[in-house]
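The next block holds one structure in the form of structure tokens; read it before the comments.
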Amino acid sequence: MSAEAEAEAEAEAEAEAEAEAEAAAPHGPLAGFTVGVTAARRADELATLLVRRGAAVLHAPALRIVPLADDRELLAATRELIAEAPDTVVATTAIGFRGWVEAADGWGVGDDLLKTLAGVELLARGPKVKGAVRAAGLTERWSPSSESMAEVLDRLLAEGVAGRRIAIQLHGEPLPGFVEALRAAGAEVVGVPVYRWLPPRDPAPLDRLLDATVTHGLDALTFTSAPAAASFLKRAEERGMLAELLLALHDDVLVACVGPVTALPLQAHGVTTHAPERFRLGPLVQLLCAELPTRARGLPLAGCRVEIRGQAVVVDGELRPVPPAGMALLRTLARRPGWVVPRAELLRALPGSGTDEHAVETAMARLRTAVGAPRIIQTVVKRGYRLALDPAADAKYGGG
């Protein structure tokens, strides 16, 4: 077994051990949190990892993938490379490389493609791509230890690319910085679009995910490709809610990306993103497990220890789901624990708030029932409501 394979196996074993430990806990580290999944590919795998750790998952693919065998652009690029072999081919994703070879077989040019690739310098970005290359009966010349396209670019530029013809397997986006740097150094660059991203045929699920993001119905959003992030932002712009979305991503929602390239479209809009050290789904989920619980607010209320999570509360260790209206009230009360919050302010916090303050009383009654400890919320006659902060905590939280 190679060093890369051993490292991958060790990482998987660690992830399984962590999952078993989390499953043995009273509730998982993501219990009470809702996570949005925008992936079109491997979405079920990501959702399963999240659910096993207690999260509720809202899935809406931000993209759809054009099947390789139906893509005329890929066929044209493949024939061009067979007719005029490049000096170097850069393989960027394992699924893309495998799909390219399979599509070429379907078009009747598979053997010609493999013969062409066998005669050129073949660079593979990371161990998974290397595995796909070797499964096709080929051998890569070099692969970066960091799995980074930046390291691939540095190597090519250090070797000198002037006058060289370089083919790059694109992975859903055009890699403009990478391509431009090579062209500026004198290379002829040929893009190989192994799969293309298009907007989803039915935008309704994506619209629901956008609505949940801006209305506190979501605690985290995950992105596994830059095109998905760009499509998510574009759909928000089409609906006239981009500013509202960016505000939610800045203030309320944790944005987790599988790697730095995926984060670029979001960062271009000033969104703070988080990414694991290893660009894999498992580490992405572990990042959420580490980050989301730190956002929970813990308070001593009426003799109980209450932890306010995204869509639920934990009362003395027991997870209690709370409906959206109740969570809106609870979050508003928790901003000033121990202080009286007027009914008018609580009414404004309710989703789709109207003008009848009776809606506050109804939502408050349901909230008390949901938490199972009604004494943690006190009614202050003719004034409003407040959290029953324990006296010892008054100094810390400024109760009055």
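The values are calculated or read from the model by the stated rules, or taken from the named source; none is laboratory data. Keep in mind that what you see is a predicted model, and the values were worked out from it rather than measured. For neighbour counting, all protein chains shown are included, and Cβ atoms are generated from backbone atoms with ideal geometry for every residue, glycine included. With ligands, DNA and RNA removed, areas are computed over all heavy atoms of the protein, side chains included. Shrake-Rupley method; radii C 1.70, N 1.55, O 1.52, S 1.80 Å.
To the nearest 0.05, what FRET efficiency results for ARG305 and ALA118 with a Förster distance of 60 Å applied to their C-beta separation? It comes out at approximately 0.40. Would you mind giving the average projected area, over all directions, of the Cα convex hull of the chain in nm² with one decimal? Its average projected convex-hull area is 23.1 nm². Each label point was placed 7 Å from the Cα along the Cα-to-Cβ direction; for ARG134 and ARG335 their separation is 5.7 nm. In the range 251-315, Cα pairs under 8 Å separated by at least six residues give a relative contact order of 22 percent. Here the label points at LEU242 and GLU291, each 7 Å from Cα along the C-beta direction, are separated by 2.3 nm in the simple model.
Taking only the alpha carbons of the range 128-235, we obtain Rg and Dmax values of 18.3, 54 Å in that order. Per-residue ellipticity at 222 nm computed for the chain from its helices equals -14000 deg cm²/dmol, with DSSP H segments shorter than 4 residues left out and the rest contributing -39,500 (n - 2.57). Please compute, over every Cα-Cα pair in the range 214-323, the percentage with a separation greater than 25 angstrom. So the portion of pairs separated by more than 25 Å is 31 percent. Contact order, relative form, for the chain: 14 percent (alpha carbon pairs under 8 Å, 6 or more residues apart, mean separation divided by residue count).
If R0 is taken as 25 Å, the Cβ-Cβ distance between THR272 and ARG208 corresponds to a FRET efficiency of 0.55. Placing a pseudo-label 7 Å from each Cα along the Cα-to-Cβ vector at VAL381 and ASP87 gives an inter-label distance of 8.8 nm.
Here the accessible area is traced with a 1.4 Å probe on the protein chains. For the chain, carbon and sulfur cover 53 percent of it.
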